[in-house]
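Here's the structure, in structure tokens; my notes come after.
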Amino acid sequence: MLTSGIAAYRLTGATLYVPLYTSYLASAHAELGQFDDAWRCIDEAMAAAETANESWYEAEINRIAGEIALKLPRQDAVKADVYFDRALMVAHQQQAKSWELRAAMSVARLWRDQGKCIEARDLLATIYGWFTEGFDTRDLKEAKALLEALSL
């Protein structure tokens, strides 16, 4: 449904949100184990973001790419780390706190799995600490739960 919806949307000549929709499709392909399609969609999302000058979504595309690298049958933590670093950098430059929080959660989970719990907690705690509202949102609830788990 996503594939046909994106195709129909593109037929109208619309470009707005194509990077967003295509990255969602990449995630769906990865969940189904269709990694070639997932990487193709990530490449399309990155190209569409650049073409349409939709850099506001660049950090999240990179974060999703990192998550895909971790879902591969042969998990690629190095590749994931590169994508996560890019996501953090872009989000920080754009002062996009929500994207930065998501990227930090991805990095923190990766580091936790690598035994770097203190570094993971420190990174996530710093970014989580910026927020003064919205604590009932999914992202902040997940960040709080991850912080609590890292503090054990």
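The values are calculated or read from the model by the stated rules, or taken from the named source; none is laboratory data. Nothing here was measured: the structure is a model prediction, and the numbers come from that model. Cβ coordinates were reconstructed from backbone atoms using ideal geometry, including for glycine residues, and neighbour counts include every protein chain displayed. Just the protein is used for accessible areas: all its heavy atoms, side chains included, with ligands, DNA and RNA removed. Shrake-Rupley method; radii C 1.70, N 1.55, O 1.52, S 1.80 Å.
A few points about this structure:
- Between the alpha-carbon centres of region 23-63 and region 137-152 there is a gap of 26 Å.
- Here the gap between Val78 and Asp43, fully extended at 0.36 nm per residue and compared with their Cα-Cα distance, gives a gain of 10.8 nm.
- With every protein chain in place, the chain: carbon and sulfur % of accessible area (1.4 Å): 55
- A Förster radius of 22 Å, combined with the Cβ-Cβ distance separating Glu142 from Lys71, puts the computed FRET efficiency at roughly 0.80.
- Heavy-atom accessible surface of region 30-152, averaged per residue, reaches 56 Å², computed with a 1.4 Å probe.
- The long axis of helix 97-113 is offset from the longest Cα principal axis of the chain by roughly 60 degrees.
- Square roots of 5 times each gyration tensor eigenvalue, C-alpha, region 47-128, largest first, Å: 22, 17, 7
- Angle in degrees between helix 138-150 and the longest Cα principal axis of the chain, rounded to the nearest 10: 40
- Sorting 1-8, 70-77, 110-117 by their mean Cβ neighbour count within 10 Å, with the most densely packed peptide first, gives 110-117, 70-77, 1-8.
- For region 1-62, taking the reciprocal of the average inverse distance between every pair of different Cα atoms yields a Kirkwood hydrodynamic radius of 11.4 Å.
- Highest-MSF residue in the chain out of Ala69, Ala47, Ala30 [GNM, Cα springs under 10 Å]: Ala47
- GNM flexibility winner over the chain from Val107, Val78, Val90 (Cα, springs under 10 Å): Val78
- When the chain is treated as a GNM with alpha-carbon contacts under 10 Å, the residue of Ser98, Ser27, Ser106 showing the greatest mean-square fluctuation is Ser98.
- Gyration tensor (Cα) of the chain, equivalent ellipsoid semi-axes in angstrom: 28, 18, 13
- Summarising the label geometry, the points placed 7 Å from Cα in the beta-carbon direction at Phe135 and Leu16 lie 3.6 nm from one another.
- Each Cα pair under 8 Å and six or more residues apart adds its sequence gap; the mean of these over the residue count of region 2-131 is a relative contact order of 17 percent.
- The equivalent ellipsoid that matches the C-alpha gyration tensor of region 107-152 spans semi-axes of 19, 10, 8 angstrom, in descending order.
- Using θ = phi - 60° and Karplus 6.51 cos²θ - 1.76 cosθ + 1.60, couplings along region 50-66 (whole Hz; Gly, Pro as x): 5, 5, 8, 6, 9, 6, 4, 9, 4, 4, 5, 4, 5, 5, 4, 4, x
- Spin-label model distance (nm) - Asp113 vs Asn53, 7 Å beyond Cα toward Cβ: 3.8
- You can think of it this way: the chain between Tyr9 and Gln93 has 27.2 nm of extra reach, that is 0.36 nm per residue less the Cα-Cα gap.
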